[in-house]
Amino acid sequence: MPEFVLPDNFETYPEARKKAFLTMKELKEQGRRIVGVFCTYTPWELINAADELKHCHIMQLPPGKTGRGALDFWKQEVISVKEDLEQFYNIEITDDKLRSAIRLRNRERKAVLDFFEVARLKPSPITGYEISTVISSNEFSPDLEEKIAFLEKRTAELKDLYEREYQGKPSRPRILITGCPTTGVMDKIIRRIEELGADVVGFENCCGPREKKDPIDETKDPITAIAEKYLRVNCSVMSPNPGRLEALDVQIDEYQVDGVVEVLLQACHTFAIESDAVKTFVTKEKHIPYIAINTDYSPSDQAQINTRLGAFIELLQ
């Protein structure tokens, strides 16, 4: 079995999460405002412009992103968040603050995307496990400038490493992960794939570059630009969702993918609904192997997953 190697001073996701909890506690004791979000559709720029607030607001998605009135509906939801925050905290979220937040978040998107795209190099100088861990762990960082600086530095290091040690060498089978978020199953799926002899090089899921590949237009009215951007997210909660297959098509080619592993979490059923269309697209149009892994966060199915992934990777070798 190939040796699984992580970089020196590697910080695991549980370690980063524990450190983040302690950091949040310190920031709260200092009087800083803390916010938690759920889902890729959250308009981060409004939160940044409001100076990181703690408040509960539920946004309603339109039934589809291309239907008549979908953008108008979603824009009103974005406006409602802005007005709710302004009223609740007696603050004003100006267009200038929103534009500043948009520019900052676009810089962060570029740094994240550049880091992901290091794995387009063949062979990849970074494991998919490190990619997943770094991206997930950095979501706990309260300082965006610090996060951007870290990602830019690590990206430059990896490109240099490729030039010195990887370029021209043979590549292991290259795997693209699609489907549900994989943060909670990094060890049981992503790490296991790489221990079994393949490289995870791409992520077409909520933990991947799905939202980062599409920056916000900095020239438009900020509210309109924010609404347009987040409505374009290729999530399976929207139907129809042709953008996901289009993104898969591009990523399979750009990352020189040999096989696709779709992760289907039992609590995230909308991706299971799309899985048949994804399988058909991958096997019939891209002509590469596909496997779906139905799982949850428990370790009870690890042996079964090991067997299936092992057989799948053997097909690629």
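What follows is calculated from the coordinates using simple rules that are stated; it is not laboratory data. All values reported here derive from a predicted model rather than from experimental measurement. Positions of Cβ are backbone-derived with ideal geometry, glycine not excepted, and every protein chain shown enters the neighbour counts.
Of the peptides 104-112, 261-269, the ranking by mean beta-carbon count within 10 Å, highest at the top, reads 104-112, 261-269.
Tell me the volume per residue, in Å³, of the convex hull enclosing the alpha carbons of the stretch 57-100.
79
Whole-percent P(r), the chain, all Cα pairs, 10 Å bins from 0: 5, 24, 33, 25, 10, 2, 0.
Over the stretch 163-231, the ratio between the Cα radius of gyration and 2.2 N^0.38 Å evaluates to 1.57.
Using the Cβ-Cβ distance between GLU314 and ALA149 with R0 = 51 Å, the FRET efficiency computed as 1/(1 + (r/R0)^6) comes to roughly 0.80. From the Kirkwood radius over Cα pairs of the stretch 195-276, Stokes-Einstein at 25 °C and 0.890 mPa s returns a whole-number translational diffusion coefficient of 169 µm²/s. Bridging of LYS220 to lysines at a Cα separation below 30 Å is possible for LYS54, LYS65, LYS75, LYS82, LYS97, LYS110, LYS147, LYS212, LYS229, once same-chain residues fewer than 8 apart are set aside. Taking 0.36 nm per residue of sequence separation and removing the Cα-Cα distance, the ASP160/THR307 pair yields an extension gain of 49.3 nm. Does the stretch 120-217 come out rounded, prolate or oblate, given a ≥ b ≥ c as the square roots of the eigenvalues of its C-alpha gyration tensor, rounded meaning a/c under 1.5 and, failing that, prolate meaning a/b above b/c? Verdict is oblate for the stretch 120-217.
The translational diffusion coefficient of the stretch 54-149, from Stokes-Einstein at 10 °C and 1.306 mPa s with a Kirkwood hydrodynamic radius over alpha carbon pairs, comes to 96 µm²/s.
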